[in-house]
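**Student:** Following this message is one structure expressed as structure tokens.
The values are calculated or read from the model by the stated rules, or taken from the named source; none is laboratory data. Since we're looking at a predicted model, the values are computed, not measured. Counting neighbours? That spans all protein chains shown, and the Cβs are built from the backbone with ideal geometry, glycine included.
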Amino acid sequence: MSFLVVSGLEKRFGPVEVLKGIDISVPQGGFLVLVGPSGCGKSTLLNTIAGLETVSAGEILIDGARVNELHPSKRDIAMVFQSYALYPNMNVAKNMSFGMEMRGVPRAERKETVARVANMLQIEDLLDRKPGQLSGGQRQRVAMGRALVRDPKIFLFDEPLSNLDAKLRVEMRTEIQKLHQRLGTTIVYVTHDQIEAMTLATVIAVLKGGVLQQVGSPAEIYNMPNNIFVADFMGSPSMNLVPARLDRADGALVVSLKRADGSTTALPLHRPSDAARAHVGRDVILGLRPENIDDAPEPGATSGYHHPLEAHVEVTQPTGADTLAMIRLGGREAVARLRAETGARAGERRRFTVDMSKAVLFDPETEERL
Amino acid sequence: MAASAIETAVRTGRLTRALIYAALLVFAVYYLLPLFVMMVNSLKELDEIRGGNMLALPEIVTIAPWIKAWNQAQIGVQPTGLAPYFLNSIKMVVPAVIISTLLGALNGYVLTKWRFRGDTLVFALMLFACFIPFQIVLIPMARVLGFLGIAGTTWGLVLVHVVYGLGFTTLFFRNYYAAFPTELVKAAQIDGANFLRIFYRILLPSSGPIIVVTVIWQFTNVWNDFLFGASFADFDSQPMTVALNNLVSSSTGVKEYNVHFAGAILAAIPTLLVYIVAGRYFVRGLMAGAVKG
């Protein structure tokens, strides 16, 4: 049973179409992350769910009830804003209880709720302070506290972590995750950071130019991206997209990569789709995640899908946990994620293995997955 | 404030510094001299003023001219002094300032946070009001006041000043609220606050500096206005400025310069007080939003 349903949603600002027919549904307790580059319409979509923007066409249902015409305060939602939007003239306790005050909740009950939530978020010491006296991380907590006191049906987060420094961002990410596990409330979360999307979501929706590119679990989005945009956007470093040709050799499908000297390397394709079968003899784009290119000494030891490949190493970038190697693949620069203790050196030719079970193919014209 | 002034000051040599101070001193004296002359002569006997030196300190200090200016001097036909007119001015200025400031704040709020089709045109037209010379509106305003039946009353003057001040107050508040985060308004909407509550619970409490600027601006303009007061007031609603003119430019009797000086200072005291009390916010408020950070 879907708890939040967005169907056929369109939003126009004058002649500009910002959202072009969005269909998403989230089950109760789900964590939906809307992700995409700036200007893709993800914040607008969130604002329409919140009721801060009107809808040009389509429908939004929360818990089975249509909310299109409802005022934001009547939709039983709470929102955390990118800038936190704490009222500068009120102290933390007042900030948290303002919504309850507007709803006519008795003073004693307000106080009790604020105390309970402040305890949960460990911000009891801050209750008397003004937002101006708080650090970024503290403001973030208070903003979440203000949403939590409402005990709403849905939490909406609008890029809540983008104003924090890297370390704090990871901490707060974990915090939000714990909170979600504990409360089990449905969450809609907007971000442009694909790592946040991957780590937090139960459902990811990738948007671009107001069009939904793909909706699915993090694993689906990561392993089976619908098109080149999703493949490129999700994952860091992003997926290697190598121009190649789809051929038939000995009855099996192979992907042929051009080498610098004009010869080709053939990589057999596993479990090809029908669309791929129909594409034999034409150009394709081979999508390979960096971690699927390795220089492990025992190629193919774990599965039958590892295939050898020789490539020129241009530079190596040790990150500590692992080492990234820029290699020449099919005339393009590609990234391989190697183990930290790899012996790969810049300038050498080296043997790699490619895990073809994780490979995806795209049509270079439509940019859709085959 | 002081620390930041030092940080932002350009480093200069001793000589430059001396020259700057010298120039400042000259200008300060130049501007303070009229006040000095007024002050000194308002405390002298009339004979002493006639005796000559305007710049000399009084030989015999007397506050008689002040008392006379306040409640004995002949204004028009009555020997009432300036006191009743001072009260008229207060009765006109206080409502005019409060109403025009509140309306300006409301306009600024709507023009920035509840934008509607054509809002920039409305704002442009209101801005236009800042550039209309007083004299142009005299006759139409007289018609309106007559039509409303408040010609010659203090409330008529209040209306005139509110209407005339609205362009400025709207400009001040619009620019201030343009820099006010709209997300706060959205958050308050989700919290369930309505249009007016958001205004007086969220925006107004955060508007201190711009309220001070607007109040100083409006107070000074309304208090110092002579033309509207002279045009639209009856004897019983004439403001201070008109009474002062009647006191000083009366063509009969002896010209009592000491009384005139005392009266002029009395007329200037309220605006001076407003500047002294709220002045330090004035520049700060005018600068708010002009520079980021």
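**Student:** When you check residue B:58 against the structure, is it without any contact (Cβ under 8 Å) to a residue 24 or more places away in the chain, touching a Lys or Arg at 6+ places or on another chain (Cβ under 8 Å), outside the structural domain of residue B:197 (by TED's automatic domain parsing) and surrounded by fewer than 17 Cβ atoms within 10 Å (Cβ to Cβ), yes or no?
**Tutor:** Yes; evaluated as a whole, the condition is true for this residue.
**Student:** In this structure, does residue B:228 turn out to be in a helix (DSSP H, G or I), at pLDDT 90 or above, more than 10 Å from chain A (Cβ to nearest Cβ) and touching a Pro at 6+ places or on another chain (Cβ under 9 Å)?
**Tutor:** The answer is yes for residue B:228.
**Student:** While we're on this one: Quick one: how many residues across the stretch A:28-81 are within 14 Å of chain B (Cβ to nearest Cβ), in contact (Cβ under 8 Å) with a residue 60 or more places away in the chain and in contact with a Ser or Thr (Cβ under 7 Å, 6 or more places away or on another chain)?
**Tutor:** 0
**Student:** Still on this structure, please answer the following. State yes or no: is residue A:70 of a type outside the set (Ser, Thr, Tyr) and crowded, with 22+ Cβ neighbours inside 10 Å? Spell out the reasoning first.
**Tutor:** On the way: of a type outside the set (Ser, Thr, Tyr): yes; crowded, with 22+ Cβ neighbours inside 10 Å: no.
So residue A:70 fails the test.
**Student:** On to the next question. Across the stretch B:96-124, what is the number of residues that are touching a residue at least 12 places away in the same chain (Cβ under 8 Å) and either under 17 Å from residue B:196 (Cα atoms) or in contact with a His (Cβ under 9 Å, 6 or more places away or on another chain) (or both)? Walk me through how you get there before you give the answer.
**Tutor:** Step one: of the stretch B:96-124, the residues touching a residue at least 12 places away in the same chain (Cβ under 8 Å) are B:96-97, B:99-101, B:103-109, B:111-114, B:123.
From what is left, the residues that are either under 17 Å from residue B:196 (Cα atoms) or in contact with a His (Cβ under 9 Å, 6 or more places away or on another chain) (or both) are B:96-97, B:99-101, B:103-109, B:111-114.
Residues in the stretch B:96-124 being touching a residue at least 12 places away in the same chain (Cβ under 8 Å) and either under 17 Å from residue B:196 (Cα atoms) or in contact with a His (Cβ under 9 Å, 6 or more places away or on another chain) (or both): 16 in total.
**Student:** While we're here: Based on what the data block shows, is residue B:173 at pLDDT 90 or above and either touching a Cys at 6+ places or on another chain (Cβ under 8 Å) or not assigned by TED's automatic domain parsing to the domain that holds residue B:145 (or both)?
**Tutor:** When the stated conditions are applied, residue B:173 does not pass them.
**Student:** Further question on the same structure: Quick one: is residue B:154 over 17 Å from the mean Cα position of the chain (by Cα), surrounded by fewer than 17 Cβ atoms within 10 Å (Cβ to Cβ) and either among the hydroxyl-bearing types (Ser, Thr, Tyr) or more than 14 Å from every other protein chain (Cβ to nearest Cβ) (or both)?
**Tutor:** no
**Student:** Of the conditions (1) out of contact with any Leu (no Cβ under 8 Å at 6 or more places or on another chain); (2) in a strand (DSSP E or B); (3) under 26 Å from residue A:272 (Cα atoms); (4) in contact (Cβ under 8 Å) with a residue 24 or more places away in the chain, residue A:333 satisfies every one except a single condition; which number is it?
**Tutor:** Tallying (1) out of contact with any Leu (no Cβ under 8 Å at 6 or more places or on another chain); (2) in a strand (DSSP E or B); (3) under 26 Å from residue A:272 (Cα atoms); (4) in contact (Cβ under 8 Å) with a residue 24 or more places away in the chain, residue A:333 fails exactly one: (4).
**Student:** OK, next. Being crowded, with 21+ Cβ neighbours inside 10 Å and either more than 13 Å from every other protein chain (Cβ to nearest Cβ) or farther than 27 Å from residue B:276 by Cα (or both) is the filter here, so list the residues in the stretch B:200-210 that pass it.
**Tutor:** Step one: filter the stretch B:200-210 for residues crowded, with 21+ Cβ neighbours inside 10 Å, giving B:202-203, B:207, B:210.
Within the stretch B:200-210, B:202, B:210 qualify.
**Student:** Now for a different question. All but one of (1) of a type in the set (D, E, K, R); (2) touching a strand residue (DSSP E or B) at 6+ places or on another chain (Cβ under 9 Å); (3) more than 28 Å from residue A:43 (Cβ to Cβ) hold for residue A:109; which doesn't?
**Tutor:** It is condition (2) that residue A:109 fails.
**Student:** In addition: Taking the stated definitions as given, is residue B:139 in contact with a helix residue (DSSP H, G or I) (Cβ under 9 Å, 6 or more places away or on another chain) and either more than 13 Å from every other protein chain (Cβ to nearest Cβ) or among the β-branched types (Val, Ile, Thr) (or both)?
**Tutor:** Judged against the criteria, residue B:139 is not a match.
**Student:** Any residue in the stretch A:231-240 that is acidic (Asp, Glu) and closer than 30 Å to residue A:311 by Cβ?
**Tutor:** Checked against the condition, which is being acidic (Asp, Glu) and closer than 30 Å to residue A:311 by Cβ, the stretch A:231-240 yields at least one hit.
**Student:** Taking into account only those residues within the stretch A:47-92 that are outside any helix (DSSP H, G or I) and among the β-branched types (Val, Ile, Thr), which is nearest to residue A:134 (Cα to Cα)? Give the steps one after another, and end with the answer.
**Tutor:** Applying the first criterion (outside any helix (DSSP H, G or I)) to the stretch A:47-92 yields A:51-71, A:75-91.
If we keep only those that are among the β-branched types (Val, Ile, Thr) too, we end up with A:54-55, A:60, A:62, A:67, A:77, A:80.
Numbers: A:54: 34, A:55: 36, A:60: 36, A:62: 34, A:67: 36, A:77: 25, A:80: 17 Å.
Ranking the candidates gives A:80 first.
**Student:** If you take the residues in the stretch A:82-92 that are more than 7 Å from every other protein chain (Cβ to nearest Cβ), over 26 Å from the mean Cα position of the chain (by Cα) and not polar (S, T, N, Q), which one is nearest to residue B:189 (Cα to Cα)?
**Tutor:** A:86
**Student:** Which of the residues spanning the stretch A:93-105 are touching a helix residue (DSSP H, G or I) at 6+ places or on another chain (Cβ under 9 Å) and either within 14 Å of another protein chain (Cβ to nearest Cβ) or part of a loop (DSSP other than H, G, I, E, B) (or both)?
**Tutor:** If the condition is that a residue be touching a helix residue (DSSP H, G or I) at 6+ places or on another chain (Cβ under 9 Å) and either within 14 Å of another protein chain (Cβ to nearest Cβ) or part of a loop (DSSP other than H, G, I, E, B) (or both), then A:94, A:95, A:96, A:97, A:98, A:99, A:100, A:101, A:102, A:103, A:105 are the ones that fit.
**Student:** So which residues in the stretch B:182-197 are facing chain A (nearest Cβ under 7 Å), on the phi < 0 side of the Ramachandran plot and not in a helix (DSSP H, G or I)?
**Tutor:** B:193
**Student:** Exactly one of these conditions fails for residue A:307: (1) part of a strand (DSSP E or B); (2) without any contact (Cβ under 8 Å) to a residue 40 or more places away in the chain. Give me its number.
**Tutor:** Unmet condition: (2).
**Student:** So is residue A:6 part of a strand (DSSP E or B), more than 14 Å from every other protein chain (Cβ to nearest Cβ) and under 22 Å from residue A:162 (Cβ atoms) or not?
**Tutor:** No: the conditions fail for residue A:6.
**Student:** Next up: Could you identify the single residue in A:146, A:169, A:107 that is under 29 Å from residue A:62 (Cα atoms) and of a type outside the set (Gly, Ala, Ser)?
**Tutor:** Only one candidate qualifies: A:146.
**Student:** Something else now. Restrict the check to the stretch A:126-148 and report whether at least one residue is part of a helix (DSSP H, G or I), in contact (Cβ under 8 Å) with a residue 40 or more places away in the chain and surrounded by fewer than 19 Cβ atoms within 10 Å (Cβ to Cβ).
**Tutor:** Yes, the conditions are met somewhere in the stretch A:126-148.
**Student:** Let me ask you something else. So which of A:187, A:176, A:204 is farther than 25 Å from residue A:9 by Cα, touching a residue at least 24 places away in the same chain (Cβ under 8 Å) and crowded, with 22+ Cβ neighbours inside 10 Å?
**Tutor:** Only one candidate passes the filter, namely A:176.
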